[in-house]
Amino acid sequence: MIALPVFGYKSHISIDRRFGFIREMAVTSASAADGRLLRQVVSTDNTGSEVWADSAYRSKRNEKWLSDRMLTSCIHRRKPKGKPIAKAAARANVVKSSIRAHVEHVFAH
């Protein structure tokens with residue numbers, strides 16, 4: 001047998017915020033870009049219109065895709081390179097983190 005290095009994996013999920021049920025999921029290698037999986041995990045039959053996600057999912061392409069489907073982007077803002085994050089963006093990220101914590105609880109189970 002040849003030993004292959006294993007670098008891990010990432011789980012991408014979409015949950016029902018109210019009940020914590022997993023609605024959609026995808027598993028990728030750890031090297032896969034998160035943003036490319038947004039379309040796969042956002043369920044179009046979900047009654048919720050807000051999408052909460054880590055800043056890795058924020059891109060112009062994903063933001064346009066969400067707005068074309070009348071979904072509200074609640075994706076974290078990134079800190080600009082070499083500059084501090086704006087205070088308003090930092091406060092908004094804190095609020096978004098409290099909502100996104102529900103997703104982390106799904107992984108704990």
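The values are calculated or read from the model by the stated rules, or taken from the named source; none is laboratory data. What you see is a predicted model, and the numbers here were worked out from it, not measured in a lab. Positions of Cβ are generated from backbone atoms using ideal geometry, with glycine treated the same way; all protein chains shown enter the neighbour counts. All accessible areas refer to the heavy atoms of the entire protein, side chains included, with ligands and DNA or RNA removed. Shrake-Rupley method; radii C 1.70, N 1.55, O 1.52, S 1.80 Å.
Taking the criterion of being over 18 Å from residue 41 (Cβ atoms), out of contact with any helix residue (DSSP H, G or I) (no Cβ under 6 Å at 6 or more places or on another chain) and surrounded by 12 or more Cβ atoms within 10 Å (Cβ to Cβ), the residues of the range 70-99 that qualify are 79, 85, 86, 89, 90, 92, 93, 97. Among the residues examined, residue 22 does not qualify as among the β-branched types (Val, Ile, Thr), within 19 Å of residue 104 (Cα to Cα) and without any contact (Cβ under 8 Å) to a residue 60 or more places away in the chain.
Taking (1) modelled with pLDDT of 90 or more; (2) in a strand (DSSP E or B); (3) of a type outside the set (D, E, K, R) in turn, residue 38 satisfies each apart from (2). Residue 24 meets all of the listed conditions (1) in contact with a His (Cβ under 9 Å, 6 or more places away or on another chain); (2) charged (D, E, K, R); (3) in a loop (DSSP other than H, G, I, E, B) but one, namely (3). The residues in the range 64-88 that are closer than 24 Å to residue 36 by Cβ, more than 12 Å from the chain's Cα centre (by Cα) and of a type outside the set (Phe, Trp, Tyr) can be counted, and the count is 12. From the list 55, 67, the lone residue that is within 25 Å of residue 21 (Cα to Cα), surrounded by fewer than 16 Cβ atoms within 10 Å (Cβ to Cβ) and at pLDDT 90 or above is 67. Look at the range 1-17 and say how many of its residues are exposed (fewer than 10 other Cβ atoms within 10 Å of the Cβ), within 22 Å of residue 56 (Cβ to Cβ) and either at pLDDT 80 or above or out of contact with any Ser or Thr (no Cβ under 8 Å at 6 or more places or on another chain) (or both). Adding up the residues that qualify gives 2.
Could you please give the count of residues in the range 18-34 that are exposed (fewer than 10 other Cβ atoms within 10 Å of the Cβ) and not aromatic (Phe, Trp, Tyr)? Total meeting the criteria: 3.
Could you go through the range 62-83 and let me know if any residue there is assigned to a helix (DSSP H, G or I) and closer than 19 Å to residue 105 by Cα. No - not one qualifying residue is present in the range 62-83. Among the criteria (1) assigned to a loop (DSSP other than H, G, I, E, B); (2) free of Cβ contacts under 8 Å to residues at least 12 places away in the same chain, the one residue 43 does not fulfil is (2). The test for being part of a helix (DSSP H, G or I), open to solvent by less than 100 Å² (accessible area, probe 1.4 Å), at pLDDT below 85 and among the β-branched types (Val, Ile, Thr) holds for residue 103.
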